[in-house]
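Chemist: Before anything else, here's the structure in question.
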Amino acid sequence: MKDAAWSGAFDTPLGLNQVYSLAAPFFVSCPESNPTLPVKAFPALTTSAMPMPGQSVTFTFNSTQTDGLFAAFFSGLDTTFAPLDGYKTATIPENLVGTVYVVISSNGTMVSDDSTVAGPAILEFRLPEMARQTD
């Protein structure tokens, strides 16, 4: 085995609406007798390709707002922000590894349900070569 199994995803706390947003596309139907859930799904967020840290990536999401948006990358207990340009493009921070979640936020210093415009999406970044050596 040359890859380490641990990537840090289980250290990244997500809010209830963020988790529901990831799960909602898998729901086909629910019985009408079920009570309404006290959660909401945020608009979907996708990327143009599987990006790598340090590269630019274009995000796709439905929003009329194009100015003052940020990509917020959740990795472990850290949140790193990158500004989006008018083409919905941002540069992915270079220090990200493993499973990373990203949302589009109207706030560049903190993420809340009120500031979330779209997402989350899941990004997978390989661990550095020296971390994958398990011989």
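Chemist: From Ala24, Ala71, grab the single residue that is within 14 Å of the chain's Cα centre (by Cα) and either among the aliphatic types (A, V, I, L, M) or part of a loop (DSSP other than H, G, I, E, B) (or both).
Modeler: Only one candidate qualifies: Ala71.
Chemist: Please pick out the residue among Ser33, Ser29, Ser56 that is at pLDDT below 90 and of a type in the set (Ser, Thr, Tyr).
Modeler: Criteria check complete, one pass: Ser29.
Chemist: Out of the residues in the range 36-49 that are modelled with pLDDT under 90 and surrounded by fewer than 11 Cβ atoms within 10 Å (Cβ to Cβ), which is farthest from Val100 (Cα to Cα)?
Modeler: Selected residue: Thr36.
Chemist: Something else: From the set of residues in the range 78-89 that are more than 20 Å from Arg126 (Cβ to Cβ) and outside any loop (DSSP other than H, G, I, E, B), which is most open to solvent (accessible area, probe 1.4 Å)?
Modeler: Pro83
Chemist: Hey, another quick one. Out of everything in the range 110-130 that is over 23 Å from Thr64 (Cβ atoms) and over 12 Å from the mean Cα position of the chain (by Cα), what residue ends up being least open to solvent (accessible area, probe 1.4 Å)?
Modeler: Only one residue tops the list, namely Phe125.
Chemist: Return the pair list, or none, for Cβ contacts closer than 6 Å from residues in the range 92-107 that are surrounded by fewer than 18 Cβ atoms within 10 Å (Cβ to Cβ) to residues that are at pLDDT below 95 and in a strand (DSSP E or B), at least 6 apart or on different chains.
Modeler: So the pair list comes out as Val97/Phe125.
Chemist: Now, a different point. How many residues does the range 50-60 hold that are under 20 Å from Val117 (Cα atoms) and open to solvent by 60 Å² or more (accessible area, probe 1.4 Å)?
Modeler: Adding up the residues that qualify gives 2.
The values are calculated or read from the model by the stated rules, or taken from the named source; none is laboratory data. In this text the structure is predicted, and so the values were computed from the model without any measurement. A quick note on method: Cβ atoms are made from the backbone with ideal geometry, for glycine too, and the neighbour counts reach across all protein chains shown. These area figures cover heavy atoms from the full protein model, side chains too; ligands, DNA and RNA do not enter into them. Shrake-Rupley method; radii C 1.70, N 1.55, O 1.52, S 1.80 Å.
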